[in-house]
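The values are calculated or read from the model by the stated rules, or taken from the named source; none is laboratory data. Since this is a predicted model, take the numbers as computed values, not measurements. Counting neighbours? That spans all protein chains shown, and the Cβs are built from the backbone with ideal geometry, glycine included.
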């Protein structure tokens with residue numbers, strides 16, 4: 001679905017859940033999205049109700065990849081015993097799943113269950129280099145400290161999968177082991193710089209400094225360093241000082257950076273103002289305007305302002321080619337407005353470009369709504 005392509009997995013899950021029972025293909029897509037939702041690195045902060053229904057649906061459908069994802073989610077949020085049970089469940093549904101076997105070995109080792117660990121190693125040593133390496137003492141992993149989670153309603157694990165006896169708790173931020181689940185991300189929220197000007201390392205930005213005490217060039221470098229450290233609002237202050245005191249070239253670079261900083265925080269109005277604060281090349285003007293319009297369209301769609309979504313995307317299409325993910329948003333907006341023929345036309349156009357899975361969900365929705373009238 002288009003929200004999945006936008007890396008907005010929470011919104012994608014909510015919409016796919018609503019349509020999961022309308023067609024067999026919809027259920028398959030929902031399971032893929034739920035698996036992707038649970039597989040993010042770092043783990044996403046999920047509401048208890050969202051986590052409950054994803055786990056219950058995965059269990060009801062006996063979806064092995066989803067069970068593996070629940071295992072990694074549990075592992076990465078410090079719920080090691082629960083993780084082990086979910087890896088076991090995944091293997092009971094798909095006996096040759098090496099990634100789940102690796103998760104089982106890793107979690108069993110973390111629980112200091114030597115007998116259980118040796119049993120996993122004996123079964124998988126010849127089929128998994130990772131498990132063999134783990135048995136040899138390498139590739140040990142730890143889950144770092146994390147924020148306290150919000151407890152789930154009781155007995156979620158029992159409701160979801162009979163073999164499990166422990167609750168799953170929403171996320172505590174932690175780094176995830178590498179998994180086999182892959183997701184496609186088509187739309188990039190805001191352009192990112194591959195490197196900072198002058199080759200400066202982001203390590204130079206780890207100590208907070210007052211940009212007012214810096215030269216314009218140093219403030220610009222500090223701004224890009226803070227962006228690399230994902231501290232965009234702090235970067236804004238550094239870019240502001242560079243804009244106020246720098247040369248024309250420095251002002252252009254700082255204005256561009258300030259706009260990207262606001263876009264990264266979804267502060268679209270502030271980004272639009274920043275984009276006009278310093279002159280930009282024509283290429284950058286188009287790039288920033290297209291990104292601003294896309295963010296505004298997505299925000300409007302999320303808020304249920306579907307007419308505004310269509311207008312924003314129409315304006316964007318006049319300056320850059322249309323993207324499949326944003327066309328899908330337009331299609332869903334037409335559907336929500338009851339313009340089913342327009343929605344079908346958009347979904348079919350996307351389908352012809354190769355996005356058949358995402359487009360088919362929309363076409364199924366149109367057919368479901370309009371079938372009684374035909």
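Suppose the filter is surrounded by fewer than 24 Cβ atoms within 10 Å (Cβ to Cβ), at pLDDT 90 or above and closer than 21 Å to residue 213 by Cα; does residue 237 pass it? It is true that residue 237 is surrounded by fewer than 24 Cβ atoms within 10 Å (Cβ to Cβ), at pLDDT 90 or above and closer than 21 Å to residue 213 by Cα.
Could you tell me whether region 32-54 includes any residue that is more than 21 Å from residue 12 (Cβ to Cβ) and crowded, with 24+ Cβ neighbours inside 10 Å? No: zero hits. Does region 138-150 include one or more residues that are assigned to a helix (DSSP H, G or I) and either modelled with pLDDT of 50 or more or surrounded by 11 or more Cβ atoms within 10 Å (Cβ to Cβ) (or both)? No, the conditions are met nowhere in region 138-150. The residues of region 328-342 that are surrounded by fewer than 22 Cβ atoms within 10 Å (Cβ to Cβ) and more than 16 Å from residue 16 (Cα to Cα), listed by number, are 337, 338, 339, 340, 341, 342. Of 158, 79, 68, 123, all but one fail to be in contact with a helix residue (DSSP H, G or I) (Cβ under 6 Å, 6 or more places away or on another chain) and either more than 27 Å from residue 29 (Cβ to Cβ) or at pLDDT 90 or above (or both); the exception is 68. Scanning region 343-358 for residues that are surrounded by 16 or more Cβ atoms within 10 Å (Cβ to Cβ) and more than 17 Å from residue 368 (Cβ to Cβ) turns up 349, 350, 355. So how many residues does region 352-370 have that are assigned to a helix (DSSP H, G or I) and within 21 Å of residue 297 (Cβ to Cβ)? Counting residues in region 352-370 that are assigned to a helix (DSSP H, G or I) and within 21 Å of residue 297 (Cβ to Cβ) gives 6. Scan region 273-288 for residues that are at pLDDT 85 or above and buried (at least 19 other Cβ atoms within 10 Å of the Cβ) and jot them down. Matches in region 273-288: 274, 275, 280, 287, 288.
With respect to (1) more than 22 Å from residue 16 (Cβ to Cβ); (2) at pLDDT below 90, the lone exception for residue 87 is condition (2).
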